[in-house]
1. Please compute the length gained on full extension between I399 and I34, using 0.36 nm multiplied by the number of residues separating them and subtracting their Cα-Cα distance.
2. Between I431 and L162, how high is the FRET efficiency from 1/(1 + (r/R0)^6) when r is the Cβ-Cβ distance and R₀ = 56 Å? Nearest 0.05.
3. Over the chain, what is the relative contact order in whole percent, taking alpha-carbon pairs under 8 Å and six or more residues apart?
4. Just from its helices, what would the mean residue ellipticity at 222 nm be for the chain, if runs of 4 or more DSSP H residues each count -39500 (n - 2.57) and the sum is divided by every residue, rounded to the nearest 500 deg cm²/dmol?
5. Can you flag which of K400/K459; K92/K220; K153/K185 are past 29 Å Cα-Cα?
6. State, in angstrom, two size descriptors of the range 102-202 derived from its alpha carbons: Rg to one decimal place and Dmax to the nearest whole number.
7. To test your reading of the geometry: what angle, between 0 and 90 degrees and rounded to tens, separates the Cα axis of helix 107-116 from the longest principal axis of the chain?
8. Note down, for the range 33-479, the three equivalent ellipsoid semi-axes (square root of 5 times each alpha carbon gyration tensor eigenvalue), biggest first, whole angstrom.
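Every number here is computed from the coordinates shown, using simple stated rules; none is lab data. Model, not experiment: these values are computed from the prediction. Using ideal geometry, Cβ is built from the backbone for each residue, glycine included, and neighbour counts are taken over all protein chains shown.
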Amino acid sequence: STMRKRKTTDSPRSSTDLSEGKEKLRLKQEVGLISGVSLIAGTMIGSGIFMSPEWVLHHMGSPASSLLIWAACGLLAMFGALSYAELGTIIKESGGEYIYILRIFGSFPAFLFAYSSVILVRPAGLAAVCLSFAEYALAPFYPGCSSPQVVVKCTAAACILLLTIINCLNVRLATSIMNIFTAAKLLALLLIVVGGLVLLAKGQTQSFQNAFQNTTASIKAVGVAFYQGLWSYDGWNNLNYVTEELKKPEVTLPRAVVIAIPLVTCLYLLVNVSYLAAMTPPELLSSRAVAVTWGDKVLGSWAWLVSLSVALSAFGSSNGTFFSGGRVCCIAAREGHMPDILSMAHVRCLTPSPALLFTSAMSLIMIISGSFTSIVNFFSFIAWLFYGMTISGLLYLKIKKPELPRSYKVPVIMPIIVLMAAVYLVLAPIIDQPQIEILYIIPFIFSGIILYFPLVRFKYHPRFLQRVTLHLQLFLEVAPTTRDAN
């Protein structure tokens, strides 16, 4: 089986097998429980909770149904993360979905995932976060009206270019920014939660009267509302990308999930309640930056604090997305599924600058051509397609490979629910009034076949590509990394 075909040359950092008498390189296991909880929660709390509430309400039609969507998204993220935790205790390698698909289903579907992730999913995530950063950074300069889209897109593009420079030049600076801005996002959420509780105590509950009125029954609307809500929970699987760096992964992985995701879910629900306490549903729907509108109504002359906190939060989240974005790219290149240049690092700065520059370029293209909501829909559609594939891999291992050592087992009903949700989230927008943009994604994913067979399966490497790689190496001052470089 594929699980037994891993080669030492392909994955020397996989878990050590003492019976083989082979010593394999490993990353330092320095991520403990607190760090694991911070990584999950810090990645999840980004720009989504400040951008998506109006879209969830728009598609669901009523306050109560939108709150149910937020709670259901949290439960789904919890089930998905616990299912991934079991996978992480079976396949103790970093790389998340890519490495699981590679080890369970083989090279071809893993290549399609890497191809889609590097070209669309990762850049789409970064583009969406930077657009939300731009919305909130510009909101104080355009009081009472929406910021011009040209200005928003130019600001988002400038954000991406700044992040590219930071992450290409200095790893320590990038990680310091990540830590500082995590505090800003928690401060912003707590400020909104406390403000909402004060409003409720004063009796501002008009949004919760007849709370289910105008609830939609459209399959497509519910699916798109889930897309927007789940965007705010994205990051529930991030700990699986650093499995090799966890202390006692069989214990730390499930415990971190059980602590972080319920915490974030409670915060998200309280923030949405606060928005609805401060604004009527029509007011919330007419706001392009809902947290700024909340600040104007609740904080008055201090409303700029909300804009500043949310902009800092979005910037920190985009920095985290950018910082981790090269991981799948580098691992895929290491496995021979991506061009060699993308696995290289700068000879002095020791940063994966080619992968970062490529991600930056693709994100800029998405910002120019799309809006926040359309980019989130693209991201969610592809992400849940491969989440579903990964979860089906876990079910396959549960049925066909029950003898594999696993220190943690998730109840089988959880991955089944996640798989059903993934199928629904992928098919619902296609069946009920399909958007032409989403229909383009499927041909794009399978266009990878054109590249896979000549370049990966038959290892055909045209000379001009080798020359391009050499020139890029010289121009970017990069060199191949050893297995333990990061």
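1. Working: separation 365, 0.36 × 365 = 131.40 nm, distance 3.34 nm.
Answer, rounded to one decimal: 128.1 nm.
2. Details: r = 41 Å, r/R0 = 0.74.
The computed FRET efficiency comes out at 0.85.
3. Details: 719 pairs, mean separation 152.4, N = 486.
It comes to 31 percent, rounded to a whole number.
4. Numbers: 20 runs with 324 residues, N = 486.
So the helix-based figure for the chain works out to -22000 deg cm²/dmol.
5. Numbers: K400/K459 32 Å; K92/K220 37 Å; K153/K185 22 Å.
Violating the 29 Å limit, Cα to Cα: K400/K459; K92/K220.
6. 18.9, 60
7. It is inclined by approximately 40 degrees.
8. Values: eigenvalues 245, 134, 88 Å².
Value: 35, 26, 21 Å, ordered largest first.
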